[in-house]
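Shown next, in structure tokens, is the structure this report addresses.
Values in this text are rule-based calculations from the coordinates and carry no lab data. Quantities reported herein were computed from a predicted structural model and do not represent experimental measurements. In this analysis, Cβ positions are derived from the backbone assuming ideal geometry, glycine residues included, and neighbour counts consider all displayed protein chains.
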Amino acid sequence: MAVDTWAPTDNQPEPVQLTPAAVAHVRDQIAQHPGAVGIRLATRKSGCSGFMYHLDFVDQPADDDTVFENDDVTVYVDAESLKLVGGTTIDYVQDGISRVMRFNNPHAQSTCGCGESFST
């Protein structure tokens with residue numbers, strides 16, 4: 001398997017980051033899914049703006065994954081999605097009774113009102 005791993009010594013900005021709140025939330029979610037080694041950030045052609053973010057648990061990395069370590073949480077991003085989400089910061093936001101993962105994507109030129117889809 002040829003999985004690339006980003007490390008701070010690469011002297012490159014980290015392409016995908018999690019805020020401390022997102023790390024805590026994802027850590028809790030992974031603990032509830034035996035066998036999961038991290039989460040996958042992917043994109044799909046969908047939504048009202050063109051692409052939709054997709055988060056899922058990873059049991060086995062794919063060959064084209066790039067791996068990002070955020071504290072003790074591992075984020076896997078496939079090569080195609082990385083072109084669209086590089087530089088994204090994922091936050092976990094609680095507003096009243098609502099709890100959502102929020103994506104701050106520097107490549108997104110527009111987003112839909114719900115914040116779950118974007119265009120580049």
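Things worth noting here:
- Taking only Cα atoms of the range 15-119, radius of gyration then Dmax in Å: 13.3, 40
- The order of 80, 69, going from fewest to most other C-beta atoms within 10 Å of their C-beta, is 80, 69.
- Ordered by the count of other Cβ atoms within 10 Å of each Cβ, fewest first, 98, 46 give 98, 46.
- Residue 107 paired with residue 80, simple spin-label distance in nm, labels 7 Å along Cα-to-beta-carbon: 1.3 nm
- Charge sum, other residues only, whose C-beta stays under 14 Å from residue 107's C-beta, Lys/Arg counted +1 and Asp/Glu -1: 0
- Counting DSSP beta bridges with both ends in the range 15-119, the antiparallel % (nearest 5): 85 percent
- Annotation: the residues 82, 41, sorted from fewest to most other C-beta atoms within 10 Å of their own C-beta, follow the order 82, 41.
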